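**Q** Following this message is one structure expressed as structure tokens.
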Amino acid sequence: MPLPQVSDILMLICDNLFSEMPTLASLARTCKSLEGPALDVLWSELIGFYPLAKCLPTHEEFSDGTEETNGLPWLKLSHPLTPADCSRFSHYARKVHQFTKDEESCGSKVHDSVYHVLQIAMLGEKLLPNVQQLTWDCDTDSFIFIPMFLGPSLSKFNLNLSPMSDGELSLVPALCGHYPALKDVTFTFSPLAGASVDCQNMAVELFSSSACTWVNLELLSVPSIARLALFGISKLPRLKELEIVELHTVTDSDTFSSGTPKGGFPVLMKLRIQTCDSVSDFTAILKLMDVSPLIYILVKFNKVETSASWKQVFLAINHYCNHNTLTQLDCFDGNFETITASDNDMVTYGDLKPLLVFHNLMWIDIGTINGFYFSNPAVMKKLATSWKNAIELKLRMLPFSQTRTNK
């Protein structure tokens, strides 16, 4: 076994000092042999663009009131950039592997003019060419500059923008592109308060359509999803996990009414739907997953008022999900405050029966507003026989905070 090199040992020492930034900064100033490893760790994770901007000739000035800065000073360039300035910037920018766009945590906001000048001075090169994880967590003032940070090494991208106006939505297509290392994407956004329904729908369509262009995605979380984009996303060959915060109106389409295409999501293993408007929407998306090796399904419905509707949910799962791979199933009525409970419409064994073909289920958690009714103890024996691998079984009546014995 070859002995570790001195450089490897120094890097290991610096990695273990990651939480002690002052110590790392002192090490970097100690000698040349420690400078490189210490600076690599110091710059590997960056919150806010301020530290990098300070590598350039800059000065701070407060807004004259015409620009919103939340009381923070602007960081602006003091004079035009020279080749030496660009070289110094690149030296440190190349060390950044994880970047969070959050200006307020730095005590100063980098002025848009800095990004504009850098874009020209760097001749269109990515500002952080080696960044692997990018979190854009701020308002939309600098939304236009996101593509400058999306480099070829990017593997994880979290985008949290609020609010979104009509003009800013027009910039979303700039996110489309080929990013070969991109595997994990989370979109979170809120359209501008009072924005039109068309504006909100456009936001959903633009963001979900962008995801269709990232062919190596493995994990995707979106606030909602457009109907046509759903088909594009279903063709992503490596997508293993999909989370949709709000699923609605995917069936209001000629494409769906004429028959949903099947055979999508070839390797999808986990599906999470935090809010689903209707059973028909849930059924429509499951139709695309008839070949998926799903192991986990979570779905929370806005309103499933009757046991007949729950039976339709279970029939859809039975018909379109792989009977051999599913190991965890969580189904809830998430909007129980708007539904009136009825003792006469409990979910029965007959309603649950379509799920009994999933013999490899290990975790089952189903919560309905009306609870469950089993006519005799033999029913529980049938459940135990069918779900013999179950580790946890919960059949409950919502809301969970109220105590009531299910029959």
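**Q** Leaving ligands, DNA and RNA out of it, rank 87, 234, 44 by accessible area with a 1.4 Å probe, largest first.
**A** 87, 44, 234
**Q** A follow-up question, please. So what is the accessible area of region 273-372 per residue, in Å², with the probe set to 1.4 Å?
**A** Value returned for region 273-372: 36 Å² of accessible area per residue.
**Q** Additional query: FRET efficiency for residue 318 and residue 10, Cβ-Cβ distance as r, R0 = 51 Å, nearest 0.05?
**A** That gives a FRET efficiency of 0.30.
**Q** Can you give the FRET efficiency to the nearest 0.05 for residue 219 and residue 23, using r as the Cβ-Cβ distance and R₀ = 45 Å?
**A** Once the sixth-power term is evaluated, E becomes 0.80.
**Q** Label residue 178 and residue 33 with points 7 Å out from Cα along Cα→Cβ: what is the distance between them in nm?
**A** 4.4 nm
**Q** So, one more: Which of 32/109; 156/388; 235/300; 240/287; 101/183; 156/394 have a Cα-Cα distance over 27 Å?
**A** Details: 32/109 33 Å; 156/388 39 Å; 235/300 25 Å; 240/287 17 Å; 101/183 20 Å; 156/394 35 Å.
Pairs exceeding 27 Å: 32/109; 156/388; 156/394.
**Q** Please report the accessible area of residue 8 (heavy atoms, 1.4 Å probe, ligands and nucleic acids excluded) in Å², nearest 10.
**A** Here the accessible area works out near 90 Å².
The values are calculated or read from the model by the stated rules, or taken from the named source; none is laboratory data. Since the structure is predicted, the reported quantities are computational estimates derived from the model, not experimental observations. So basically every Cβ, Gly included, is an ideal-geometry build from the backbone, and we count neighbours across all protein chains shown. The accessibility values were calculated without ligands, DNA or RNA, using every heavy atom of the protein model including side chains. Shrake-Rupley method; radii C 1.70, N 1.55, O 1.52, S 1.80 Å.
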